[in-house]
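Q: Sharing a structure, written as structure tokens. Questions coming.
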Amino acid sequence: MRTCLLILFLSCCLLLRSSAQTADKHATAATKNLFNHLQQTRHAGFLFGHQDDLAYGAGWQYEKDKSDIRGVTGEYPAVYGWELGHLELDSTKNLDGVPFEFIRQSIRKGFERGGVITISWHFTNPLTGNPAWDAKPGAVASILPGASKHALYLAWLDKLAAFLGSLKDAHGNLIPVIFRPFHELNGNWFWWGKQHCSPGELIALYRFTESYLRDTKQLHHLLYAYNTDRFATREEYLDRYPGDDWVDVVGFDIYQRAEGNINFSKELDRMLGTLESIAEEKKKLPALTEFGYNGIPDSSWWTQTFLPAIGQHRIVYALAWRNAGKKTDGSEEYYAPFPGQVSAKDFTLFAANQRVWLQRRAARAGLYTKGKHR
Ligand code: BMA
């Protein structure tokens, strides 16, 4: 009898250890359900997302219920990306001019449609007061505990925490968010980039930030993404990884630029392979945290380049970057199709593929409710 009980106890321990868990052990039920469902849904398909989808698109801004993805396919995306840069400056609008109040309301709408919310933060260089792209050494070190700008960083985190804590549904329940701080951290274009701090400094900052939000601010509706840019090797990918206890989502950002469809496809396939094996091993959620081909000039890019590159990789979601249109610096950005855009027809074929999940498939999966995925 005693031996049987011991065996039972040991197998329970093993089972507990081998099943995936959120980095925040006190995550809300909805957050844990989301994490668990996404571990399953990735085997059936990936959620398609779009940054700032409800805010603006080709030829429109802040029009009720409008979305370029919906304009093309008849349904909203399954993932909504939002950006919080300038929240730290007490601005009412983010660095791209999107009002924070609009973001808050849209997050609720997206969640109520069964969608997933992810948030990035291109925040100000704390050392110089210039934008996130003011990439110089010293800024990360300056905000660590005991350093000259630590108090300023705490004040910024307090504002971030207040905003994140205000994201509630109609019943007053907190809306789960995939937060991806310090994204593209192996590039050199942001102040938290590779050449501007050591791996130890970045890891200390990541852990401090997470524990401040979770333990000091008691926010338990966040999943944490570790997010690089393109990478050459597994070692490069994991160079600044804060550890299994700190991460829920592993992802990377990739944009097609001048390399051509075939090379882009090969690179994406290679990186997804590495990402997937890391995610399997660490029991994390693999995601394409940002991607795009600016202007999508190729009329069959979605079905002939992007989808084949995703191939059989089991990722959780893919987030296309924003349809900003013409920006103040004169450049243009469109990463998702809109009605009449050259790749719009191809996108409807892409969206019809059963592995591509927009709003309807995501809502049907009931990502926030308890129970096994169908
Ligand atoms: C970048 C560009 C910028 C924007 C920033 C934050 O990739 O789209 O125009 O300010 O993201 O959203």
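Q: Among the residues of the range 279-300, count how many are part of a loop (DSSP other than H, G, I, E, B) and among the hydrophobic types (A, V, I, L, M, F, W, C).
A: Total meeting the criteria: 1.
Q: List pairs: first residue in the range 28-39 and modelled with pLDDT of 95 or more, second residue part of a helix (DSSP H, G or I) anywhere in the structure, Cβ distance under 9 angstrom, at least six positions apart or on different chains.
A: Qualifying pairs under 9 Å: 37/365.
Q: Here's a follow-up. Give the number of residues within the range 301-322 that are crowded, with 19+ Cβ neighbours inside 10 Å and either without any contact (Cβ under 8 Å) to a residue 24 or more places away in the chain or in a strand (DSSP E or B) (or both).
A: Of the residues in that region, 4 qualify.
Q: Among the hydrophobic types (A, V, I, L, M, F, W, C), surrounded by fewer than 20 Cβ atoms within 10 Å (Cβ to Cβ) and without any contact (Cβ under 8 Å) to a residue 12 or more places away in the chain: does that describe residue 141?
A: No, not satisfied.
Q: Same structure, new question: Could you list, in sequence order, the residues of the range 327-346 that are assigned to a loop (DSSP other than H, G, I, E, B), among the charged types (D, E, K, R) and either away from the ligand (no atom under 16 Å from the Cβ) or under 18 Å from residue 60 (Cα atoms) (or both)?
A: 327
Q: Another question, if that's okay. For the range 238-251, give me the residue count where each residue is touching a helix residue (DSSP H, G or I) at 6+ places or on another chain (Cβ under 6 Å) and of a type outside the set (Asp, Glu).
A: Residues meeting the conditions: 4.
Q: Next question, about the same structure. Considering only residues of the range 262-297 that are open to solvent by less than 10 Å² (accessible area, probe 1.4 Å) and aromatic (Phe, Trp, Tyr), which is nearest to the chain's Cα centre (by Cα)?
A: So the residue we want is 291.
Q: Is it fair to say residue 186 is in a loop (DSSP other than H, G, I, E, B) and open to solvent by less than 30 Å² (accessible area, probe 1.4 Å)?
A: yes
Q: Residues of the range 142-166 being part of a helix (DSSP H, G or I) and either within 15 Å of residue 207 (Cα to Cα) or not aliphatic (A, V, I, L, M) (or both), which ones?
A: Those that are part of a helix (DSSP H, G or I) and either within 15 Å of residue 207 (Cα to Cα) or not aliphatic (A, V, I, L, M) (or both): 142, 143, 150, 153, 154, 156, 157, 158, 159, 163.
Q: Can you confirm whether the range 185-204 contains a residue that is more than 14 Å from residue 139 (Cα to Cα) and aromatic (Phe, Trp, Tyr)?
A: no
Q: Consider residue 259 carefully, then state whether it is acidic (Asp, Glu), modelled with pLDDT of 95 or more and either surrounded by fewer than 20 Cβ atoms within 10 Å (Cβ to Cβ) or over 25 Å from residue 37 (Cβ atoms) (or both).
A: No: the conditions fail for residue 259.
The values are calculated or read from the model by the stated rules, or taken from the named source; none is laboratory data. If you're wondering where the values come from, they're calculated on a predicted model, not measured in any experiment. Ideal geometry is used to build each Cβ from the backbone, glycine not excepted, and the neighbour counts take in all protein chains shown. In case anyone asks, the SASA skips ligands and DNA or RNA and just uses the protein heavy atoms, side chains included. Shrake-Rupley method; radii C 1.70, N 1.55, O 1.52, S 1.80 Å.
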